[in-house]
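Taking it in order: structure first as structure tokens, then the write-up.
Values in this text are rule-based calculations from the coordinates and carry no lab data. Keep in mind that what you see is a predicted model, and the values were worked out from it rather than measured. For neighbour counting, all protein chains shown are included, and Cβ atoms are generated from backbone atoms with ideal geometry for every residue, glycine included.
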Amino acid sequence: MEDRQGALRLGRASFAPRQLLVMAIVNRTPDSFYLPAVTWDEAAALDRVHEVVAEGADIIDVGGVPAGPGAEVDPAEEIRRTAGFIAAIRAAYPDVVISVDTWRHEVAREACAAGANLINDSWGGWDRQLGEVAAASGAGLVCAHAGGQAPRTRPFRVSYPDVMADVLDRTLTLAARAVQDGVDPSRIVIDAAHDFGKNTWHSLEVTRRLPEMVATGWPVLVSVSNKDFVGETLDLPVTERLAGTLATTSVCAWLGARIFRAHDVTQTRQALDMVSAIRGDMPPARAIRGLA
């Protein structure tokens, strides 16, 4: 399975196949589902960027529109929320990988011009031109499974004969399309997109069947931080889902995922480093017990 994994290249960075990456979430929205408006103010958002970089984030993911239903945000407003902020991050951190969380090619184009290295499309290629933008700018592209749902809609009585088969069909089709559009294959990532077009049973199933995605050879991203399937599984509100999130993160890391989109960077970094040490990919930071 791992023989098919290659280096992931984003911006100036090249990440080895077994290197586990934290993608820190910085939402430029007043109505995010988790801790709404905490990074709505640009100064607060930039402070958050400084914080997550110090905590060990490898990628900064900037979004200007909440995933769920709510007030309309047109492309111009989404650009206003994200592009200038991405430019500020790039000025402060010339080498950090910056991702823009958008499904719109107009937004992606402006974000990449401002310094974004990765287009994180959670809505499954809804905008056909995203691959062209990624290719033209040299950016990476996340190819996600949203079950064919329109952006900012919630699943309703959704069903699949085989959810992982659908995930593989859609994400691999999007990855192949991205290559045809000219996106560098070493910059393409696939994502099952937990909760997007899925109920809790589906999200749990794609988690335990993650090796099927890893076996394709494409780097796998997981975005499970504080999500509804964690809350429903444990019957907990959004502010009490950290333990469930870290458990899911650790399972996904063990099963071969490589990028982990997270709100809680310090805890996620520690969980991933523990998995890496157990796998034998990195040494303990300090090991003296029984040695002296």
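Quick notes on this structure:
- This structure gives Cα Rg over 2.2 N^0.38 Å, computed directly, and of (1) 0.94; (2) 1.07; (3) 1.01 that value is listed as (1).
- For segment 164-187 versus segment 222-292, the gap between their alpha-carbon centres in whole angstrom: 27 Å
- Of THR29, THR153, THR102, the one that fluctuates the most in a GNM where the chain has Cα springs shorter than 10 Å: THR153
- Segment 153-232: mean projected area of Cα convex hull, nm²: 5.8 nm²
- ³J(HN,Hα) computed for each position of segment 15-27 - Karplus, 6.51 cos²θ - 1.76 cosθ + 1.60, integer Hz, glycine/proline x: 10, 5, x, 9, 7, 9, 10, 9, 9, 7, 8, 10, 8
- Based on DSSP H segments of at least four residues, each scored -39500 (n - 2.57), the chain has a per-residue ellipticity at 222 nm of -12500 deg cm²/dmol.
- Axial C-alpha extent at least 20 Å, average Kyte-Doolittle at least -1.0 - helices from the chain (DSSP): 75-92, 163-181, 265-279
- Ranked by how many other beta carbons lie within 10 Å on average, peptides 196-202, 277-283, 108-114, 259-265 from highest: 259-265, 108-114, 196-202, 277-283
- Computed lengthening from ARG157 to TYR93, 0.36 nm per intervening residue step minus Cα-Cα distance: 18.6 nm
- Within segment 2-279: Cβ-based charge dipole about Cα centre, in debye rounded to nearest 20 (Lys, Arg +1; Asp, Glu -1): 500 debye
- Looking at segment 121-161, the trypsin sites (Lys or Arg not before Pro) that sit in a DSSP loop and have at most 11 other Cβ atoms within 10 Å of their own Cβ are ARG128, ARG157.
- Shape call, segment 169-282: gyration tensor on alpha carbons, a/c limit 1.5: oblate
- Dipole axis of the chain (+1 Lys, Arg; -1 Asp, Glu on Cβ), positive-most option in ALA292, GLY182, TYR93: ALA292
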